[in-house]
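Taking it in order: structure first as structure tokens, then the write-up.
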Amino acid sequence: MLLILGMGASKVPNINNIGLMGEDHRATLRIFCQHMCNWLEHSILTESQVRNALEKMAVVVDE
């Protein structure tokens with residue numbers, strides 16, 4: 001009933017500041033963290049690229 005009323009779900013902005021409906025934030029976070037670890041492990045991204053992206057995203061989320 002809470003979801004029908006729009007309660008219990010939140011919109012999470014993506015990198016383009018478009019609100020997306022978040023259904024299971026913890027699962028999404030776990031998947032994202034594993035992706036980042038794999039990208040770092042296989043030198044697809046550098047640590048500074050990851051830090052820059054997270055710092056940029058933090059500004060959007062904090063707003």
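The values are calculated or read from the model by the stated rules, or taken from the named source; none is laboratory data. Computed from a predicted model, the values in this text were never measured in an experiment. Cβ atoms come from the backbone with ideal geometry, glycine included; neighbour counts cover every protein chain shown.
A few notes on this one:
- Which numbered condition M57 fails, given (1) surrounded by 12 or more Cβ atoms within 10 Å (Cβ to Cβ); (2) at pLDDT below 70: (2)
- Pair list, Cβ under 6 Å, 6 or more apart: segment 43-58 residue part of a loop (DSSP other than H, G, I, E, B), other residue surrounded by 10 or more Cβ atoms within 10 Å (Cβ to Cβ): L45/W39
- Test: residue in segment 5-25 that is surrounded by 11 or more Cβ atoms within 10 Å (Cβ to Cβ), at pLDDT 80 or above, not basic (K, R) and not in a helix (DSSP H, G or I): no
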